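Every read-out reported here was derived from the displayed coordinates using simple, explicitly stated rules and does not represent laboratory data. As the structure is a prediction and not an experimental result, all values here were calculated from the model. Heads up, the Cβs are rebuilt from the backbone with ideal geometry, glycines too, and the neighbour counts pull from every protein chain shown.
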Amino acid sequence: MKRIALAVTALATVAVVGAANAATVGIGYDNVGISAGPGLNMTLPGGYLTARQGLGDDFSVFGKFAGAGGKNDATFYGLRGGIGKAIPFDGGVFTPSLDMGWQRLNVGPASLRAAYAGVNVQYRYPLNREISLEANGGFGRDFSTSVTGLSTIGGLAYNAGASADFRVGPGFLNAGYSYRHLPLSGANDLHLNTGQFLIGYQMAF
């Protein structure tokens, strides 16, 4: 809980500082489908917070915190952050980034968790002034993996997603899906795979 509180505080700080420096902040609903291994499949409702701050020269830092729970005495938490550079390309914006993150699933007294780091590529294309589309994908490795009562080693991690933004009022309504695979123990067929359906609202300040 201390780590989660620190994560929320860090994101709130980025959002407040960013608001004074033309940043983007968002909040929304997150429906998390989780596949962790034999008998460990579930869907948990939750929410998320995001923040992005420009640094100049088309660089930006970003962060996201997500939490879900309430079913089968299970809770899920995820934290992601990184730095990227926007590069105009073919009418849109191509953004390679370096990412790091952490995910944890609690099921009763047991838990599965992993940290990860890697590279990500995002491409955002505006259809017009009101609608834009985005696709992203990346890969890396997870580490600091842990499963209650078992030995873990981690391995190749990867992710992919897509979303659409629609201008509504002073900001944008965002809807999308993201998938992330984090291996935990091949010998025990354990992993932390998440498929997240998201809908939220974001504003630039």
Subject >> Crossing angle, helix 2-19 versus the chain [Cα axis fit, 0-90 degrees, rounded to tens] >> reply: 0
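Highest mean first, what order results for 49-61, 25-37 on Cβ atoms within 10 Å? Could you put the intermediate results ahead of the total?
Working: 49-61: 16.3, 25-37: 18.2.
So the order, starting with the most tightly packed, is 25-37, 49-61.
Given the -39500 (n - 2.57) contribution per DSSP H run of 4+ residues, what per-residue ellipticity at 222 nm results for the chain, rounded to the nearest 500 deg cm²/dmol? Walk me through the intermediate numbers first.
Working: 1 runs with 18 residues, N = 205.
Value at 222 nm, helices only: -3000 deg cm²/dmol.
If we sort 191-203, 77-89 on the protection proxy, mean other Cβ atoms within 10 Å, highest first, what's the order?
Working: 191-203: 18.9, 77-89: 17.3.
The peptides rank, most packed first, as 191-203, 77-89.
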Subject >> Centroid-to-centroid separation of region 54-78 and region 99-121 [C-alpha atoms, Å] >> reply: 11
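Quick one: compute the contact order of the chain, relative version, from alpha carbon pairs under 8 angstrom and 6+ residues apart, as a percent. Mind showing how you got there, number by number?
Details: 562 pairs, mean separation 37.6, N = 205.
Once normalised by length, the contact order is 18 percent.
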Subject >> Calculated FRET efficiency for the pair residue 73/residue 164, C-beta based, R₀ 41 Å, to 0.05 >> reply: 0.75
